[in-house]
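What follows is a short report on a single structure.
Any read-out appearing in this document is the output of simple, stated calculations on the displayed coordinates, not a laboratory observation. It should be emphasised that the depicted structure is a prediction, and the values quoted were computed from it without experimental measurement. Virtual Cβ from ideal backbone geometry, glycine too; neighbours counted across all protein chains shown.
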Amino acid sequence: MSKYPKVVKLKTVEDFRARLQELEIEMPVDDAILTSEQNSPLADAFKIGDFDVGNRWCIHPMEGWDANRDGTATELTERRWRRFGESGAKLIWGGEAMAVQPDGRANANQLMALESSRDSIRSLRETLESAHLEAFGTTDDLLVGAQLTHSGRFCRPNTHELEPRIAYHHPLLNEKYGIDSNDDSIVWTDEDLEKLIDAYVASAKLMSEIGFRFVDVKACHGYLLHEFLSARTRPGKFGGDLEGRSRILTTIIERIRAEIPGLMVFVRLSVFDILPYKTSQEVGQPMDSETPYQFGFGTSADDPLAYDLTEPLKLLGILKEKGVAAVNLSCGSPYYNPHIQRPAIFPPSDGYLPPEDPLVGVARQLKVVHECKTAFPDLPFVGSGYSYLQDYLPHVAQAAVRDGWVDSVGLGRMVLSFPDLPASTLSNGEMKRKLICRTFSDCTTAPRNGIVSGCYPLDKFYKDMPEGKQLVELKKAARKG
């Protein structure tokens, strides 16, 4: 078990601030949760492009591993999207990642943004918007988009086994995932990348036709477009310098903007990375690597456990010039350094015990977003990593928005357990303690073992499913070793 004190043991805001002080963390914190009537900063509207978004809450895209094998939605998928609509958030960042071609799925039950899924995905959007309309009386200030992806190194399109398509041979990730560094058959050719760009544009056009107002070109978490950002060793026009490494991302953006001018383009970006970590039941340890380290994006070459925003800030400037309307900042990968990307006291089954108090990881993400916002004050940013704040999430979120650290606060796993958090806090100033995500990581452990994702500890719907019992047995077996 982790040696760090749990947030649930910090009974007051003063206790929470004292813990931040012990850790020498800078983080804005309000004394109380403010409602809309009390002028909460989270209730303020803001602009993305020409659209007035009704408040500062955002729902992050979250895959449920619960679609049909043909890329269409199931009742489980529809349930999640309905709850996103009922959440009270006015920015829905893509619902969940949708593969632009079948080989790009991260799991065999991932949604696909293909013509064959047109009616099903349209129905998901309509379900979400209808639920929001019923709960809040209008969708005029609700902004809903679709996230487009290819999973690259982490493709599992047919079974639970990896079928990687990689940007380049990353020596540490090849070692971690058993990839032969001499096997170039899994490395994308430039010719195939041109076809992939066409697939992104086709999917974006489809999403526009079925009513989404924006598409997110996903470039985070170790997936393909993120991996390309560190492809310094790749020859040719899609590797080498930053212009080459970002070319596939910027070309997709340029094509969508030119060919579908009414559709806004967003990017979710892992703005920095660090070394991959070893899977372990013990405290996490980074894999061994030589310096200067050349296999990360936003990673310090001399200290690859630290970030360096030199290139990420240059890229953000490029994205702004290309007409990207908003950026959702994340970091790292849930596969190879989850404590950076998704701070938690309880690790997922393929993770490790946290090597730092998870509050340090939250503070790191908030600080980096603040640095980016300072550099680009006119570019709307969504922040990530807030769930581990638990009871004090709204206290920090509203202070961060007021102080100009971020424009919108993104929620992920927290709304799996507490689906109406935005509405509850803005209406009643209430955090329902029995529904607060305590970062048990079951929503990650389940899909890592071929089980649909959901909040098994706190959502009775999932707890009572056969998969809930299966997950309990799986975790018991893991503890016995």
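Points worth noting:
- In terms of packing, defined here as the mean over residues of other Cβ atoms within 10 angstrom, the peptides 334-344, 137-147 line up highest first as 334-344, 137-147.
- For Leu411, distant residues with modelled amide H under 5 Å away: Cys58, Ile59, His60
- For Tyr307, neighbours were defined as the other residues whose beta-carbon sits under 11 Å from its Cβ, and their charges (Lys and Arg +1, Asp and Glu -1) total -3.
- Karplus 3J(HN,Hα) series, Hz, for the range 23-28 with 6.51 cos²θ - 1.76 cosθ + 1.60 (x for Gly, Pro): 7, 6, 9, 9, 7, x
- By other beta-carbon atoms within 10 Å, ranking Cys455, Cys58 with the fewest at the front produces Cys455, Cys58.
- Per-q log10 I(q)/I(0), the range 188-284, q = 0.12, 0.13, 0.14, 0.17 Å⁻¹ (Debye; single scatterer per alpha-carbon; no solvent): -0.45, -0.52, -0.59, -0.79
- The residue list Gly54, Ala202, Leu229 was ranked by how far each Cα lies along the charge dipole of the chain toward its positive end, using unit charges on Cβ atoms, and Gly54 comes out on top.
- Counted by Cβ distance under 9 Å from Phe381, the other residues give a net charge of 0, where Lys and Arg count +1 and Asp and Glu count -1.
- Our analysis of the range 1-126 gives Rg over Rh at 1.11, with the two radii drawn from alpha carbon positions and Rh computed by the Kirkwood formula.
- Relative packing of 406-412, 72-78, which averages over residues the other C-beta atoms within 10 Å, highest first: 406-412, 72-78
- Remark on the range 137-257: Rg and Dmax equal 16.1, 58 Å (Cα only).
- The order of Lys373, Lys9, going from fewest to most other C-beta atoms within 10 Å of their C-beta, is Lys9, Lys373.
- For the pair the range 240-316 / the range 363-380, the C-alpha centres are spaced 16 Å from each other.
- Check: the chain dipole with +1 on Lys, Arg Cβ and -1 on Asp, Glu Cβ, in debye: 1080 debye
- Likely footprinting exposure, Ser333, Ser40, fewest C-beta neighbours within 10 Å first: Ser40, Ser333
- Of interest is the spacing of the C-alpha centroids, which for the range 88-142 and the range 8-56 amounts to 28 Å.
- Considering only beta bridges that DSSP places wholly inside the chain, some 15 percent are antiparallel.
- Only one residue of Leu379, Thr189, Tyr293 has its Cα farthest out toward the positive end of the dipole of the range 7-438, where Lys and Arg carry +1 and Asp and Glu -1 on Cβ, and that residue is Leu379.
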